[in-house]
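Engineer: My structure is below; once you've seen it, I'll send some questions.
The values are calculated or read from the model by the stated rules, or taken from the named source; none is laboratory data. Predicted, not measured: the structure shown is a model, and the values here were computed from it. Using ideal geometry, Cβ is built from the backbone for each residue, glycine included, and neighbour counts are taken over all protein chains shown. Ligands, DNA and RNA are excluded from the accessible area calculation, which covers all protein heavy atoms including side chains. Shrake-Rupley method; radii C 1.70, N 1.55, O 1.52, S 1.80 Å.
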Amino acid sequence: MSLHAIRPWRHIERRKSRQIMVGNVPVGGDAPITVQTMTNTLTTDVKATIAQVQAAADAGADIVRVSVPDEASSRALKDIVPEVSVPIVADIHFHYKRGIEAAEAGAACLRINPGNIGDETRVREVIKAAVDNQCSMRIGVNAGSLEKHLLDKYGEPCPDAMVESGLDHIKLLQDNDFHDFKISCKASDVFMAAAAYQMLAEQTDAPIHLGITEAGGLTSGTIKSAIGLGNLLWMGIGDTIRVSLSADPVEEVKVGYEILKSLGLRHRGVNIISCPSCARQGFDVIKTVETLEKRLEHIKTPMSLSIIGCVVNGPGEALMTDVGFTGGGAGNGMVYLAGKQSHKMDNDRMVDHIVEQVEAKAAELEKAAQAAE
């Protein structure tokens, strides 16, 4: 058993939502919170798009969204969908026919924006295509593209306008006897997005897709997303998430998992607990952690590793991790296994040794999990 277990005092009570399917992936209900990203390749570049989808899937993405701006892109989905291992969501804006074409081409879900998809007649045609092709939908409300009548009513983008847009579209889908949908209310402003999501969560049982849209670059976008998504997830709101970064989609997946892991909501791979380093460190902590992060990317089994530079906090942190290393003196440190002191290891051999210990522990945990099944 891994020491990195959920403890009663860190349990989050998730909002009750109904469950839908995005391809073979359940979203909502008691399903794990899924992590999504979106490709930034030209969808018509089939080879590049497939490669990027697979890279995201290898990093842990459960669902990947692909932009469908034109007919050539919807045609390309016929070649993309059969070659990837995760469900594809077709991102539809402005041209409702792209939604119909994407459903027919094998998309597992259609993302439509109430602010720009067109009138009710066009939406009904998209609904019919979704039903005919066993395709779910996401109502994707965005503060930057609200309907004109709502902007006239409220004067500016605001949580009330966003929620009204979403609820209007929910009614339209339900009036057409379509219930396989999830919904998002995104904004680049953290306060606006959080307020909209809280209001929305009280007024629908639909699965909620969380995101802070256009959050920024890797550092600023990660911080903004962690604050916005983290607080909502802490309140139990959210069934699937996408971290929007001006960065490689794989980075979005990594950040998404780190947010979920920090809240005990999802566990995948090695959770490294490390100190910021100081003059007391017995080895180069920063360089060591950077190296270990890269060398342990292939581990998917949930487990924990502590890398602490000195004995101030090292032994205490190691008590709560599967594998640990604490810096000492004379060019060596102490290796901890399952929270207990095990043996000393020279600093110049520590990285290779830690990788071996982590791989062995991961194999042990994986074998135990398989036996339990």
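Engineer: If a residue has to be assigned to a loop (DSSP other than H, G, I, E, B), without any contact (Cβ under 8 Å) to a residue 60 or more places away in the chain and of a type in the set (A, V, I, L, M) to count, how many in the range 281-309 make the cut?
Structural biologist: Count: 0.
Engineer: Residue pairs, Cβ under 7 Å, 6 or more apart or interchain, first in the range 18-41 and of a type in the set (Gly, Ala, Ser), second in a strand (DSSP E or B) and crowded, with 19+ Cβ neighbours inside 10 Å. List them.
Structural biologist: Matching pairs, first to second residue: Gly28/Ile20; Gly28/Lys182.
Engineer: Then there is this: Residue under question is Asp205, and the condition is that it be charged (D, E, K, R) and farther than 17 Å from Ile112 by Cα; does it hold?
Structural biologist: So Asp205 passes the test.
Engineer: Among the residues of the range 23-59, what is the count of those that are outside any loop (DSSP other than H, G, I, E, B), of a type outside the set (Asp, Glu) and open to solvent by 10 Å² or more (accessible area, probe 1.4 Å)?
Structural biologist: 13
Engineer: Let me ask something else about it. With the condition kept exactly as written, say whether any residue in the range 346-362 is part of a strand (DSSP E or B) and surrounded by fewer than 19 Cβ atoms within 10 Å (Cβ to Cβ).
Structural biologist: Yes, because at least one residue in the range 346-362 is part of a strand (DSSP E or B) and surrounded by fewer than 19 Cβ atoms within 10 Å (Cβ to Cβ).
Engineer: So how many residues does the range 267-280 have that are surrounded by 15 or more Cβ atoms within 10 Å (Cβ to Cβ) and either free of Cβ contacts under 8 Å to residues at least 24 places away in the same chain or not hydrophobic (A, V, I, L, M, F, W, C) (or both)?
Structural biologist: Selection size over the range 267-280: 6.
Engineer: From Leu233, Leu200, Leu229, grab the single residue that is within 17 Å of Thr37 (Cα to Cα), outside any loop (DSSP other than H, G, I, E, B), of a type in the set (A, V, I, L, M, F, W, C) and at pLDDT 95 or above.
Structural biologist: Just a single option satisfies the conditions, and that option is Leu229.
Engineer: Could you list, in sequence order, the residues of the range 162-190 that are among the aliphatic types (A, V, I, L, M) and more than 24 Å from Ile127 (Cβ to Cβ)?
Structural biologist: Ala187, Val190
Engineer: If you go through the range 102-111 one residue at a time, do you hit one that is farther than 23 Å from Thr240 by Cβ, out of contact with any strand residue (DSSP E or B) (no Cβ under 8 Å at 6 or more places or on another chain) and modelled with pLDDT of 90 or more?
Structural biologist: Yes: one or more hits.
Engineer: Among the candidates Tyr154, Tyr96, which residue alone is touching a helix residue (DSSP H, G or I) at 6+ places or on another chain (Cβ under 6 Å) and open to solvent by 50 Å² or more (accessible area, probe 1.4 Å)?
Structural biologist: Tyr154
Engineer: Report, ordered by the first and then the second residue, all pairs with beta carbons closer than 7 Å, sequence separation of six or more or different chains, a first member in the range 168-197 that is open to solvent by less than 80 Å² (accessible area, probe 1.4 Å), and a second member that is among the basic types (Lys, Arg).
Structural biologist: Going by the 7 Å Cβ cut-off, the qualifying pairs are Asn176/Arg124; Phe181/Arg138; Lys182/Arg138; Ile183/Arg138; Ser184/Arg138; Val190/Lys224; Ala193/Lys186.
Engineer: Moving on. Going residue by residue through the range 333-342, is there one that turns out to be aliphatic (A, V, I, L, M), open to solvent by 10 Å² or more (accessible area, probe 1.4 Å), part of a strand (DSSP E or B) and under 18 Å from Lys361 (Cα atoms)?
Structural biologist: yes
Engineer: Against the condition open to solvent by 10 Å² or more (accessible area, probe 1.4 Å), within 26 Å of the chain's Cα centre (by Cα) and among the hydroxyl-bearing types (Ser, Thr, Tyr), how does Ser67 come out, does it pass?
Structural biologist: So Ser67 passes the test.
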